[in-house]
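K.L.:
Below is one structure. I have some questions about it.
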Amino acid sequence: MKPSVFIAAALALSSLTLHAESDVMWGVRATLDVNLPTKWKSNETDLKVKMYKPGFGVSLGAICNVWLGNNFYFEPGVSLFYDNYDYDDILIADNTGYSPKVLKSLYKVGVRVPIVTGYTFDFSDTFGMSVYTGPQFSYAFAGDNRIDNDNLLDKDTDWSLFGVGGQRRFEMGWKVGVSFPIGTWAVGVEGDFGLTNVLKEHWKCRENRVCIALTKYF
């Protein structure tokens, strides 16, 4: 093989490799979340009850940004999350009429899998704006209620978070976000809108959240 042919082949292979690398970027993403659960709504009537207060959460995970061309991209990811929010002054009276606050707060630990598609507006070589949307799936593998004065609770009732009458572990939502890439970093604001009922029996409740996201691409 002539040296010129070998050099040309090597340059072509190098070009293809660089192009492939530029089409896929990996990254790590951390979020600070504000959890906004809706009121409980009865399945039988129009009754609505405020059971939860807003709370906070965090997540940390990895994403894969796949360039689709014409400034469109596909970005699946996976992250571990921790969510926490309070009950809204849930009181249980004993036989004397004394009503201390019993159900104090809850927490959940699990995994989230967002699958979004986005579009990037390029303002310069190093700065732009991306908008994205898509479904997000969540599964809580741990969690529980924090309970004050649990001696007042009915011992025959399952008061655990995922017990009978509690919350479901699986949730599906819809993510909408905007981010600002700056070099290999990106700062974004996301809204996650709950699509599925997180309660098991008699009532309906959805979980919404607003997130501040920080991403580092490699």
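K.L.:
Rounded, prolate or oblate: which one fits region 115-218, using the alpha carbon gyration tensor with axes a ≥ b ≥ c (rounded when a/c is under 1.5, else prolate when a/b beats b/c, else oblate)?
P.N.:
Since a/c reaches 1.5 and a/b is larger than b/c, the shape of region 115-218 is classed as prolate.
K.L.:
I would also like to ask the following. To the nearest 500 deg cm²/dmol, what mean residue ellipticity at 222 nm is calculated for the chain from DSSP H runs of n ≥ 4 alone, each contributing -39,500 (n - 2.57), summed and divided by the residues?
P.N.:
Value at 222 nm, helices only: -3500 deg cm²/dmol.
K.L.:
Normalised by the empirical 2.2 N^0.38 Å for globular proteins, what value does the Cα Rg of the chain take?
P.N.:
Cα Rg divided by the expected 2.2 N^0.38 Å: 1.39.
K.L.:
So, one more: Could you line up Ile212, Ile92 from fewest to most neighbouring Cβ atoms inside 10 Å?
P.N.:
Least crowded to most crowded, the residues run Ile212, Ile92.
K.L.:
With θ taken as phi - 60° and the coefficients 6.51, -1.76 and 1.60, list the Karplus ³J(HN,Hα) couplings across region 146-157 in order, rounded to whole Hz; mark glycine and proline as x.
P.N.:
Coupling constants for region 146-157: 9, 10, 8, 6, 5, 5, 7, 7, 5, 5, 8, 9 Hz.
K.L.:
Here is a follow-up. Sort Glu171, Glu44 by Cβ crowding within 10 Å, fewest neighbours at the top.
P.N.:
The most exposed by this proxy come first: Glu44, Glu171.
K.L.:
Would you mind checking Lys53/Lys216; Lys101/Lys175; Lys175/Lys216 for any pair whose Cα atoms are more than 30 angstrom apart?
P.N.:
Lys53/Lys216; Lys101/Lys175
K.L.:
With a sphere of radius 10 Å drawn around the Cβ of Gly194, what net charge do the other residues whose Cβ falls strictly inside it have (Lys, Arg +1; Asp, Glu -1)?
P.N.:
Around Gly194, the charge tally is -1.
K.L.:
Longest segment of the chain with no trypsin sites (Lys or Arg not before Pro) in a DSSP loop having at most 15 other Cβ atoms within 10 Å?
P.N.:
51-154
K.L.:
With a cut-off of 16 Å, note down the residues of region 165-182 whose backbone N falls inside the zone around a label point 7 Å from the Cα of Ile115 toward its beta carbon.
P.N.:
The answer is 171-176.
K.L.:
Quick one: 3J(HN,Hα) in Hz for region 199-208, Karplus 6.51/-1.76/1.60 with θ = phi - 60°, rounded, Gly and Pro as x.
P.N.:
9, 8, 9, 6, 10, 10, 7, 10, 10, 10
K.L.:
I've got another one for you. Taking the Cα atoms only, what angle lies between the long axis of helix 3-23 and the longest principal axis of the chain, rounded to 10 degrees?
P.N.:
Helix 3-23 and the main axis of the chain meet at about 20 degrees.
Each reported figure results from applying straightforward, stated rules to the coordinates on display, with no laboratory input. This one's a predicted model, so the numbers in the text were calculated from it and none came from an experiment. Every residue, glycine among them, receives a Cβ derived from its backbone with ideal geometry; neighbour counts consider all protein chains shown.
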